[in-house]
Amino acid sequence: MKIVVKILISLIAFLCSIFTNAQILNTEVKAKIEISSFEDLVAITGTAENLTSVLQNLHYKLSVIKKNKTNSNISSNSQNGSFTLEPNSKNILSTTKINISSKDETIILLLIYDEDEKLIGKDRLVVDNMKNKTTEEKEIGLEMKGIISDETKTKIGKDYYDLFFKKYNLENINASKIVTIEEEQLFGRTTKIKILIDNITLNEFIAKPNEEFLESMAEQSIVLTKKYLKQLELNEKLISQY
């Protein structure tokens, strides 16, 4: 009986940590994607709104990710930059235009980070190609899976991202959770690579310019990612039972 109680306590603590991380998004700075469409062209504007009375120094990444319905190939184009947000104000961060096709599922993703590289704002829209319009993902029931956000800064980081991305797709993980590959500058040219889901670090290590090492760390991170996602799935089933 005591063991069961301990397991339940641990489970509750785990779930609370997940919910806490999820709830902090868009509470201080709200990320918002604004769109307009004409025929097969969609105009995208990424915006940020400061919901506090404090000046915010931030940076953003606006990504357009396309997944081919036929071969499941994924392509991504991103814009990023730093900006300052005055108290209780709203800024336009970036604008772009894309062509849409019935052959693709297209997701538009806006991520906003604070000075400590912590994700604090997120918005995501999916393009409904069949109806030639854009709507919120939850409204049309579409869900773009297998998204891996590239937040690396060096060639080593990019090489690792490519290895992880390849293994992730070979494993057919295809999770709805966004996996973030983040690279943090430590000192000199030394950096640390982190693998995160919902602001929770699954793995981290000092980057080394060694292909065998990066391959090994990518494999290790894939195992940890699968384990984490599996645990989330089990937790959701457990909650639904009660």
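The values are calculated or read from the model by the stated rules, or taken from the named source; none is laboratory data. Quantities reported herein were computed from a predicted structural model and do not represent experimental measurements. In this analysis, Cβ positions are derived from the backbone assuming ideal geometry, glycine residues included, and neighbour counts consider all displayed protein chains. Ligands, DNA and RNA are stripped out before the accessible areas are found, and what is left, the full protein with its side chains, is counted by its heavy atoms. Shrake-Rupley method; radii C 1.70, N 1.55, O 1.52, S 1.80 Å.
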(request) Work out the length of the dipole vector of region 154-196 about its Cα centre, built from +1 on the beta-carbon of each Lys and Arg and -1 on the beta-carbon of each Asp and Glu, and round it to the nearest 20 debye. (result) 60
(request) Using DSSP to define loop residues, name the GluC sites (Glu not before Pro) in region 57-130 whose beta-carbon has at most 15 other beta-carbon atoms within 10 Å. (result) Glu115, Glu117
(message) Keeping every protein chain present and rolling a 1.4 Å probe, give me the accessible area per residue for region 59-103 in Å².
(response) 61
(message) Multiplying the sequence separation of Ile92 and Thr27 by 0.36 nm and subtracting their Cα-Cα distance, what value in nm do you get?
(response) 21.6 nm
(request) Send over the per residue convex hull volume for region 148-242, Cα only, as a whole number of Å³. (result) 85
(message) Taking amide H atoms as placed 1.01 Å from N in the peptide plane, list the residues 5 or more away in sequence, or in a different chain, whose amide H sits under 5 Å from that of Phe205.
(response) Ile193
(message) Per 0.36 nm of contour for each residue apart, how much would the distance between Ser76 and Lys177 grow if the chain were fully extended, relative to their Cα-Cα spacing?
(response) 34.7 nm
(message) Place a point 7 Å from the Cα of Glu184 along the Cα-to-Cβ direction; which residues of region 201-234 have their backbone N under 14 Å from it?
(response) 201-207
(request) Anything over 30 Å Cα to Cα? Flag those among Lys69/Lys90; Lys97/Lys166; Lys118/Lys155; Lys69/Lys208, in the order listed. (result) Lys69/Lys90; Lys69/Lys208
(request) Would you kindly derive the ³J(HN,Hα) couplings of region 59-65 from the backbone phi angles with the Karplus curve 6.51 cos²θ - 1.76 cosθ + 1.60 (θ = phi - 60°), listing them in order in whole Hz, with x for Gly and Pro? (result) 9, 10, 9, 10, 10, 10, 10
(request) Work out how much length Asn169 to Lys153 would gain on full extension: take 0.36 nm times their residue separation and subtract the Cα-Cα distance, in nm to one decimal. (result) 3.5 nm
(request) Calculate, for Asn68 and Leu41, the FRET efficiency according to 1/(1 + (r/R0)^6) with r their C-beta to C-beta distance and R0 22 Å; round to the nearest 0.05. (result) 0.70
